[in-house]
1. Give me the net charge of GLU87's neighbourhood, meaning all other residues with Cβ under 10 Å from the Cβ of GLU87; Lys, Arg count +1, Asp, Glu -1.
2. Given an 8 Å cut-off on Cα distances and at least 6 residues of separation, report the relative contact order of region 409-481 as a percent.
3. Please list, short to long, the whole-number percent of alpha-carbon pairs of region 52-95 in consecutive 5 angstrom bins beginning at zero.
4. By the scheme Lys and Arg +1, Asp and Glu -1, what is the net charge of all other residues having a beta-carbon under 14 Å from that of GLY411?
5. By how many nm would the segment from ALA182 to VAL140 grow when fully extended, if each residue of separation counts as 0.36 nm and the alpha-carbon distance is taken off?
6. I'd like the Karplus ³J(HN,Hα) series for region 462-472: coefficients 6.51, -1.76, 1.60, θ = phi - 60°, whole numbers in Hz, and an x wherever there's a Gly or Pro.
7. Normalised by the number of residues in region 93-182, what is the relative contact order in percent for Cα pairs under 8 Å and 6+ residues apart?
8. In a shell of Cβ-Cβ distance under 11 Å around SER107, excluding SER107 itself, what net charge do Lys and Arg (+1) and Asp and Glu (-1) give?
Amino acid sequence: MTQQPPHPTPSRPGQPGQMTAVMRAVAPVTGPKVLRIGLVQGGKVIEERVIKQRTHVTIGPSEKSMFVIPSKSIPPNFRVFELVGGEYFLNFLDGMTGRVAFKGGVSELSALKSSAKRVAVGNVQAYQVQLSEEARGKLVVGETTFLFQFVAPPPVQPKPQLPVSVRSGIANDIDWTTTIIAAFSFLFHFGAVGSIYSDWMDPVVDDEIDVAQLLESVKQLPPPPVEQPKEDVEAPAATAAPAAEAPKAAGGGNKGAGAASPGKGSGGMNDARASALTNELAQLDMQMLGALNSSGNATASVLSSGDVPTGLLENAAASGAGVGKGGVAGLNMGGAGGGTVRPGAAGGGGLATIGNTGTSGPATAGSAQTVKGPVGNAQVGGAAVSGGSVSNAPSVVAGMTAGFRRCYNKGLQEDPSMKGSVRITAKIGPNGEVLSATPSGGGGLSGTVVSCVVARVQSAQFAPPEGGGATVVIPVTFVSQ
C-alpha cells in the first residue's frame, strides 16, 4: 500500500500561502548592518550587546560610557567606534592591542598605525581606521577584550498587545439601550420637581401693595404707655442743707485764727484737721531753718556761700506762730509738753535733733544704696509664615519674648536711653530647625542686642513645616519702662 503525498492546503484569494509566509520570515532585513559587541574578561564572555541604533560606542571609567572599564589609561568617555558620515571608524590608542579582519586579510593594530589617521581625543592622540560591513576583530584594553562584527539589524518586534478578553472593559458589558432610557427618565422627573420648587410658580410681588400694607400695620399699633414722672420728695431737704450750713460758715468767720470749726471744708476736711496740718508745716519750716543756721552746724558752709533760698527766711520771719514740742498730729518733735523747738539742740530726740552735728562716735560716710537701672520690655508682633505651613509658629515665637527681654535689659545697662525695633527672618528646615536668622532694621539698637536676639531665634525649634521648608518673619519692638 503506497502512501499518498499530502496535498497542499488551498489558500484563499488575497492571502499568502504557508511557504510564502515562511520565506518572508527568514528573508534578510535590508539596510545597513549594525555592530555586535562581546565583552570578555578572564576568558569568559560576560556581556554581549547588539547596537540596534547606529551610534557612537564609548568605553572608559565614566558611568556615562556605554561600556564601563576600570582603566586609567584611557579617557573617561573614549569613542572606540565612532560614526562619521554614516560609516564606522575604529579609534585605538598606543596601549591597545588586537587585530582586525578586513576583506583583504587580517592586520594587527601595530601594523595599522602607519596607515591610520591620527586624531586628537582630549589630551591624547588616537589612531583612526575605517571599518567596512565585512570587518570583524578584537580589541584588548588592559584586562578586557572586545570582540566585534557587523550583523544584520534584528527585525522590529511588534508592540505587545493584550488579549481581546483582557482588553474588553466595563463598557462592553453595559446595556446602552436601558442606560439611555434611564438617563432620560432621570432628567425628566428631576426637571419636573425642580420646576415646581423654582420661582417660576411663585406669585408676582407688587412692592407698592407691600409698602401700603406695612404702613397700615404701623398705624394700627397701640400707642406706647406714658411714663409718669416721680415726685422729688428729697429736693427740699437737699436745698435746706446748704442754707443751714451758710450761717455756720458765717459764724465761724468771726472766730479767731487759732480756733477750729467743726464744719466740713470744700475738700471734705474739717477745720481741726486743716489747722493741725498747718501747724505741722510751720514746725517743719522751723526745723529746716534750724538745720541750716550759721552757728557752726553741718550746713554752715551752705549759708556762707548764699545758696539757701531767702524766701524761706522771709516767710519764717513774717510768721508769728511758734513751734511747739511734742507729737503734733503724729509728728515726733522731741520731748513732751510745751515750749519751743530749738533746732540743733542736743537731746530730746525726734525731729528736734535736726541740724545737730554733735556725735558721740566716729563719723561714718553712710551706707551705699544700689540704684536699679531702667527696665525694658519686648513686644513681639505676629509672625508671618511663607513658603510652607508651620503649625506651632505662633506659640514658639511667643515663647521667645522672655529671651528678647533679657537681651534688651543687658543692652540698657550700657545705654539706658536705647530703644528701637528689628525684624528677624528665619528659614526653617524640613525637621523644624532654624537654618539661618537674618536681622533687618535694628535702628536705635546696639549690635550686642541684635546679635543676642538672632542667637535666641537660631536656638528655637519649630514643628516640621509642610512642603519641606518655610520662612518666618518675626517683628520685635523694644521699649524702656
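The numbers here are math on the coordinates, done by the rules we state, and not lab data. Predicted model only: the values in this text are computed from it and were never measured. Reconstructed Cβ throughout: ideal geometry from the backbone, glycine too, with neighbour counts over all protein chains shown.
1. Working: positive: ARG54; negative: GLU82, GLU133.
In short, -1.
2. Details: 130 pairs, mean separation 31.0, N = 73.
After rounding, I find 42 percent.
3. Calculated over all Cα pairs of region 52-95, the distribution is 5, 25, 28, 22, 14, 5, 0 percent.
4. Details: positive: ARG405, ARG406, LYS410, LYS419, ARG456; negative: GLU414, ASP415.
Net charge in that neighbourhood comes out at +3.
5. Working: separation 42, 0.36 × 42 = 15.12 nm, distance 7.65 nm.
Here the segment from ALA182 to VAL140 would lengthen by 7.5 nm.
6. 9, 6, x, x, 6, x, x, x, 7, 10, 10
7. 23
8. With Lys, Arg at +1 and Asp, Glu at -1, the net is +1.
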